[in-house]
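The block underneath contains the structure these notes are about, expressed in structure tokens.
The values are calculated or read from the model by the stated rules, or taken from the named source; none is laboratory data. Since the model is a prediction, treat every value here as computed from it, not as a measurement. Virtual Cβ from ideal backbone geometry, glycine too; neighbours counted across all protein chains shown.
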Amino acid sequence: MPDTPLWTQDSLEDLVSARAKVMGAGVWAAARPDDRPVISFAGGLPDVPSLPSEELLRATRTVLEHERREALQYGGTFGPQPLREAIAERSSGIEGIPLTHEHAIVTSGAAQGIGIACEALLDPGDTVLVESPTFPGSLRTFHSFKADVEAIPMDEEGLRVDLVEAALTRLADEGRRAKLLYTIPTHQNPVGSTLPLERRERLLELVREHRVMLMEDDAYGELWFGDEPPPPSLFSLSGGELAIKVASFSKIIATGLRLGWNLAPPAFITRMAALRYDMGSSPYLGRIVAEMIRNGDLDRHVDRLRGIYRRKLDRLCAAIEEHCEDYVSYIRPEGGFFLWLALRPGLSALEVQRVANEKGVLIGAGPHFFADGNATQHLRVAFSYTPTEEIEEGVHRLGEALREVAAGATVK
């Protein structure tokens, strides 16, 4: 064996693809485990005690008793047919429009759903409009395709649709066009906002006029906390014609399933399936989730989750009012996993994150979520995963971190 390896990061540079060069050698990993005994408000992960073990066991027994042969074979690039049919039937009720399995492709989570949509749409140099702040994992995907990402600011209600219109008009005047617009309109990550109905309707008018594909990331849409659901999805309002709706079972069942789905016009579903090379998602897991949908366990579980996360948010807000009120402000979200804290002027989100980490509290710093680098000073608090009994102590430590940072800063 030679002393020096043949393949190093440097020697690979003239061999790897253009996309690999764009991304570099660093590996992006969400929710990396921390060996310390920490209280984590960092990752958008489901509540552990509520993971539906019994429901999954019941569905697994049914599948192995009645569909063993089909479940343990290849399933095809569109995904397991029973799950596509179950998704279509359930989505028809949720969206209020008739859908068939031809409107659905099963993916290995929403991340793959975004990735295969980009595979089918984007060439290097294409323009993608992205609300900002947004989920960093999606930004990473767009950059990997060497797209030109243009940030569209948000306000307390979500995406500034007037600024979308201005951007589309400017691009048209320059002889260019945006090919894709990415948004998380419902219980947005990281802000938690929900786009009002009138903005949704205007956004659809704009993408139709300018022939832009709309990508609606809806990982948290079913997790609302009030008596009424949020406004209809962009996919629904467009009659299933103008948007790709990317969704996931990660937040409503378990992240370990690695299952999600895209809803889109059938012609585009076929385009995405044609670019898959993995023989589709697991037929075994797909049929288990399909059984949970068919027997009603999934809907019952989602209904329970709404109550669990509402109570966690109540506990979090009460603790913030007690321990952090002098340093932060926020708008309470109507659903989802996140609370977006605005820091008082003079406080650095990155410095608060660092000091809180030293105190054993993990939290997201706002600057990491901005598409254009024009970051404001915010913290993202993910309350979904933190055990209820640890929320008070975690916020108490966050308050201590805020006080320490404030003591060394000019806080107005």
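Of all residues in the stretch 57-102, count the ones that are within 24 Å of GLY335 (Cβ to Cβ) and either among the aromatic types (Phe, Trp, Tyr) or outside the structural domain of GLY137 (by TED's automatic domain parsing) (or both).
0
If a residue has to be over 19 Å from the mean Cα position of the chain (by Cα), among the charged types (D, E, K, R) and crowded, with 23+ Cβ neighbours inside 10 Å to count, how many in the stretch 346-380 make the cut?
Looking only at that region, the number is 0.
Give LEU362, LEU398 a once-over and let me know the one that is outside any helix (DSSP H, G or I) and in contact (Cβ under 8 Å) with a residue 40 or more places away in the chain.
Only one candidate passes the filter, namely LEU362.
Has the stretch 37-49 got at least one residue that is of a type in the set (A, V, I, L, M, F, W, C), surrounded by 12 or more Cβ atoms within 10 Å (Cβ to Cβ) and not assigned by TED's automatic domain parsing to the domain that holds ARG311?
No, there is no match, as no residue in the stretch 37-49 is of a type in the set (A, V, I, L, M, F, W, C), surrounded by 12 or more Cβ atoms within 10 Å (Cβ to Cβ) and not assigned by TED's automatic domain parsing to the domain that holds ARG311.
So in the stretch 162-184, with the set limited to residues that are assigned to a loop (DSSP other than H, G, I, E, B) and either among the aliphatic types (A, V, I, L, M) or over 27 Å from the mean Cα position of the chain (by Cα) (or both), which one is surrounded by the fewest Cβ atoms within 10 Å (Cβ to Cβ)?
GLY175
With respect to the numbered conditions (1) part of a helix (DSSP H, G or I); (2) more than 20 Å from the chain's Cα centre (by Cα), which one is the sole condition not fulfilled by GLY280?
It fails just one condition, (1).
Of all residues in the stretch 113-161, count the ones that are surrounded by fewer than 18 Cβ atoms within 10 Å (Cβ to Cβ), more than 22 Å from PRO367 (Cβ to Cβ) and free of Cβ contacts under 8 Å to residues at least 40 places away in the same chain.
Number satisfying all stated conditions: 2.
Taking PHE383 as the residue in question, decide whether it is closer than 24 Å to LEU223 by Cα, of a type in the set (Phe, Trp, Tyr), within 19 Å of the chain's Cα centre (by Cα) and surrounded by 22 or more Cβ atoms within 10 Å (Cβ to Cβ).
yes
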